[in-house]
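FYI, it's all coordinate maths here, none of it is from the lab. Please read all numbers here as calculations on a predicted model, not as lab measurements. Note that each Cβ is placed from the backbone with ideal geometry, even for glycine, and that neighbours are counted across all protein chains shown.
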Amino acid sequence: MASSAPSRSLVASARGWPRRYTVVLLYFLATVLCYVDRVSIGVAIIPISRRYGFAGGAQGLILSAFFWGYLWPQLAGGWLADRFGGRRVLGAGVAIWSLATLLTPWAASISFGVLFAARAVLGLGEGVNFPAIHSLTARWLLASERARSLSLNFSGMYLGTVLAFLASPAIIVALGWPALFFISGALGLAWVLVWMLKAADAPEDAARISAAELQLLTASRGAEARAGAIPWWKIAREKAVWAIVLAHFCSNFGFNILLLWLPTYLHHTFGVSIARLGIYSIVPWIASFAVVNSGGWISDAMIVRGFSATTTRKLLQSIAFGLGAIPLVLLPGAASPASAIALLTLSAAANGLGLSAYGVNHLDVGPNYAGVLMGITNTIASVPGIIGVAVAGLILQATGSFAAVFYLIAGVYVIGMAGYLRWASGERKL
């Protein structure tokens, strides 16, 4: 078990810019790039489909191809990071997905199948991102800093989304859609160089960490031991793990559909032009960025003030799913892009609050196995990206409307809220 909070003398002696904040900042930037590369296809699919003649069903398959690769490396990436350290695991992942991004225009020019494969390889690289970062957080951050550090990292999803939606239309109009992938792929390779120079697997492995900060982290047991044998059977039987799995699955079901289909929804339903798609599309994710970061601070503050981790996680997750579902039920009645975006913003931002609940819960339940646990839950939570995103395309093709999609997401959120309330725990189980 982790010990109590570090003494004031240790905290005072470790003043200055801590090395652990550099690690957090760099992995936050990795997540930003992760989502820039993942989301830009949501805008680029419009000119790509026009150029190569892809219908709604084919578009859905291209948008979901990412998840066919993303599904597989999660568990292996988490285990490798927990066992051997997250630095090389994360660096390799970013290198792979950046190369896949650079090759996307070439792949599209060859065939639908090659483009599908390039998007799957992108997912393969991105699949280790969150498990490696969870593992690094368990070893680099004080227990009292973990919720806000992981919330900052999760907010990189929304900042990356905002940047993708803001920059993609302008780049496509000015330089053509291939330039979008060339620029973001090159930025990823530059990040890899900086990461390999500045990061370390744990404080004990960092060459330029101060003695005071190293003592602070080891004294507080924020630097968790590397995992040895993984208690797979105990993990499989633990209800608190399955509560995280369910919440993660349900949250991702709505998030991925809205993330990847939002530009097409606005273009199809309200006739919003490509040039204006970015302005509308960024609003839900700007709000989510603010809510996710605020949620991390609120979560840490609640625990410091005496709320149990269990109460904190369940309360925030219930708000996330409850407020996430209601606007989606109202969304088919929206009469304008502005009213639709207002409802989508409320839903997306509320759902994002869950990242300070289920998203941090892995480190409550089993900090030594944080990478493995994130690998397990994120593997299962990748399935909605494969199924949900593709099904949304088929629903659109069959009905000509997104109404049934929004009702489906709302129902999934209600199921997630009920299951998490029943089984979740903030106590250490593993």
Task: Average projected area [Cα convex hull, segment 224-299], square nanometres - done: 8.3
Task: P(r) histogram, all alpha-carbon pairs of segment 233-344 included - 5 Å bins from 0, percent - done: 2, 9, 16, 19, 17, 13, 10, 7, 4, 2, 0
Open item on the list: Can you list the DSSP H helices in the chain whose Cα atoms extend at least 27 Å along the helix axis and whose mean Kyte-Doolittle hydropathy is -0.5 or higher?
Closed with: 19-39, 87-110, 146-175, 177-198, 239-270, 274-304, 309-330, 403-423
Open item on the list: Run through segment 262-344 and list the trypsin sites (Lys or Arg not before Pro) located in a DSSP loop whose Cβ has at most 14 other Cβ atoms within 10 Å.
Closed with: R305
Task: Hydrodynamic radius by Kirkwood, which averages 1/r over all alpha carbon pairs of segment 314-397, in angstrom - done: 14.8
Task: Charge-dipole axis of the chain as Lys and Arg at +1 and Asp and Glu at -1 on Cβ define it, positive-most pick from I257, A76, P337 - done: A76
- [ ] Could you list R146, R38, R50 in order of exposure, starting from the residue whose Cβ has the fewest other Cβ atoms within 10 Å?
- [x] R50, R146, R38
Open item on the list: Give me P(r) over segment 282-343, computed from all C-alpha to C-alpha distances, binned every 10 Å, as integer percentages.
Closed with: 19, 40, 27, 13, 2
Task: Cα→Cβ-extended label distance, 7 Å offset, between L25 and E204, nm - done: 2.7
Task: Using a Förster distance of 35 Å, the FRET efficiency for S401-I319 (Cβ separation, nearest 0.05) - done: 0.75
Task: Set of lysines with alpha-carbon distance to K239 below 23 Å, sequence-local pairs under 8 removed - done: K314, K429
Open item on the list: Restricting everything to alpha-carbon atoms, can you work out Rg to Rh for segment 339-386 with a Kirkwood hydrodynamic radius?
Closed with: 1.13
- [ ] Before anything else, pin down the relative contact order of segment 69-212: Cα pairs under 8 Å, at least 6 apart, normalised by residue count, whole percent.
- [x] 36
Open item on the list: On the principal axes of its Cα set, how long, how wide and how thick is segment 364-411? Give whole Å, largest value first.
Closed with: 48, 18, 8
Task: Linear extension gain, S111 paired with Y52, 0.36 nm per residue minus alpha-carbon span - done: 20.4 nm
Task: Inter-label distance for Q215 and F84, nm, one decimal - labels placed 7 Å from Cα along Cα-to-Cβ - done: 3.4
Open item on the list: Would you work out the Kirkwood radius for segment 276-430? I mean one over the mean of 1/r across all pairs of different Cα atoms, in Å.
Closed with: 16.8
TODO: Mind checking which of L142, A404, A95 is farthest towards the positive end of the chain's charge dipole, using Cβ charges of +1 (Lys, Arg) and -1 (Asp, Glu) about the Cα centre?
DONE: L142
Open item on the list: I want to verify the translational diffusion coefficient of segment 70-170 in µm²/s; compute it with Stokes-Einstein, Rh as the Kirkwood radius over Cα pairs, at 37 °C and 0.692 mPa s.
Closed with: 221
TODO: Treating only the Cβ atoms of Lys and Arg (+1) and Asp and Glu (-1) as charged, compute the dipole magnitude of the chain about its Cα centre; round to the nearest 20 debye.
DONE: 460
Task: Reduced Cα scattering model of the chain, Debye log10 I(q)/I(0), q = 0.10, 0.13 Å⁻¹ - done: -0.64, -1.09
Task: Shape metrics for segment 89-140, restricted to C-alpha atoms - Rg then Dmax, Å - done: 13.3, 44
Task: Two-decimal log10 I(q)/I(0) for segment 109-220, as the Debye equation yields it once each C-alpha is a single scatterer, q = 0.11, 0.15, 0.20, 0.24 Å⁻¹ - done: -0.54, -0.88, -1.25, -1.47
Task: Estimated 222 nm signal from helices in the chain, with DSSP H stretches of n ≥ 4 weighted -39500 (n - 2.57), rounded to 500 - done: -26500 deg cm²/dmol
